[in-house]
1. For segment 1-86, give the magnitude of the charge dipole about the Cα centre (Cβ charges: +1 Lys/Arg, -1 Asp/Glu; no others), in debye to the nearest 20.
2. Pop out the ³J(HN,Hα) list for segment 33-50 in order, Karplus 6.51 cos²θ - 1.76 cosθ + 1.60 with θ = phi - 60°, rounded to Hz; leave Gly and Pro as x.
3. Choose one answer from THR139, THR56, THR18: the residue with the largest mean-square fluctuation in a GNM of the chain with alpha-carbon springs under 10 Å.
4. Trypsin sites (Lys or Arg not before Pro) within segment 50-120: which are DSSP loop residues with at most 13 other Cβ atoms inside 10 Å?
5. What does the charge add up to near THR74, with Lys and Arg as +1, Asp and Glu as -1, over the other residues with Cβ less than 12 Å from its Cβ?
6. Can you list the HN-Hα couplings for segment 70-80, worked out from phi with the Karplus curve (6.51, -1.76, 1.60; θ = phi - 60°), rounded to whole Hz and with x for Gly and Pro?
7. In nm, give the distance between the simple-model label positions of ASP59 and ASP126, each being 7 Å from the Cα along the Cα-to-Cβ direction.
8. Could you tell me which label, among (1) 1.03; (2) 0.94; (3) 1.10, carries the value of Rg/Rh (Cα atoms, Kirkwood Rh) calculated for this structure?
Amino acid sequence: MTEILKTARSSYGDWTGTAAADEHQTTGHRTPYEVVGLDPDEWWIIGFDFQGSDLTSKDGLYVYAVRKDSMGITNWDAIQLHGEANGSVPVTSFLVHGVAPVELISESFNQFQVQLRTRNVGHHLDIVARDDLNYDAETNTVIPRPVPEPGALAALREARRQE
């Protein structure tokens with residue numbers, strides 16, 4: 001089986017973008033290997049995929065990893081060389097059960113950023129002003145937002161959170 005991993009996509013691509021993260025380098029946090037349960041002596045994790053709109057759901061996290069003994073790949077340089085020579089890197093795609101993407105993010109990354117931009121604007125964004133939403137500068141407080149009536153989707157999400 002071979003399938004080239006494509007960039008993130010959705011049905012209509014209304015919003016597209018980029019993401020970046022820095023791993024924690026301090027004690028008290030788990031490595032990505034520990035969070036997802038992958039043996040670092042056997043695998044190199046080289047990618048993640050979060051699918052679905054609920055980052056607290058425990059069924060939308062994928063890990064892409066290279067088996068250390070595959071095709072003569074013995075170190076990180078060999079991964080690069082294999083990619084340069086073959087146009088791709090052989091990975092195994094693991095669906096991680098029982099771990100929510102938010103757990104990986106909070107446990108393993110000290111910085112995490114996602115930028116999404118509407119497909120309707122194909123240009124750089126030039127920030128010309130900054131302001132706050134839902135904030136009262138005079139009292140230095142967040143303005144509470146009204147709680148919407150729970151619908152069927154909200155009830156389903158709440159049931160998942162309680163699992």
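1. Numbers: 6 positive and 14 negative charges, 34 e Å.
Dipole about the Cα centre, nearest 20: 160 debye.
2. In residue order, the calculated couplings are 4, 5, 5, 8, x, 10, 6, x, 7, 10, 9, 10, 7, 10, x, 10, 9, 10 Hz.
3. THR139
4. Taking segment 50-120 and a limit of 13 other Cβ atoms within 10 Å, the loop trypsin sites (Lys or Arg not before Pro) found are ARG119.
5. Values: positive: ARG67, LYS68; negative: ASP69, ASP77.
It works out to a net charge of 0.
6. 7, 6, x, 7, 10, 7, 4, 4, 5, 4, 4
7. 4.8 nm
8. (1)
The values are calculated or read from the model by the stated rules, or taken from the named source; none is laboratory data. Every value quoted in this text rests on a predicted model; they were computed, and no experiment measured them. As a convention, Cβ positions derive from the backbone with ideal geometry for all residues, glycine included, and neighbour counts pool all protein chains shown. Surface areas here come from the heavy atoms of the whole protein model, side chains and all, with no ligands, DNA or RNA. Shrake-Rupley method; radii C 1.70, N 1.55, O 1.52, S 1.80 Å.
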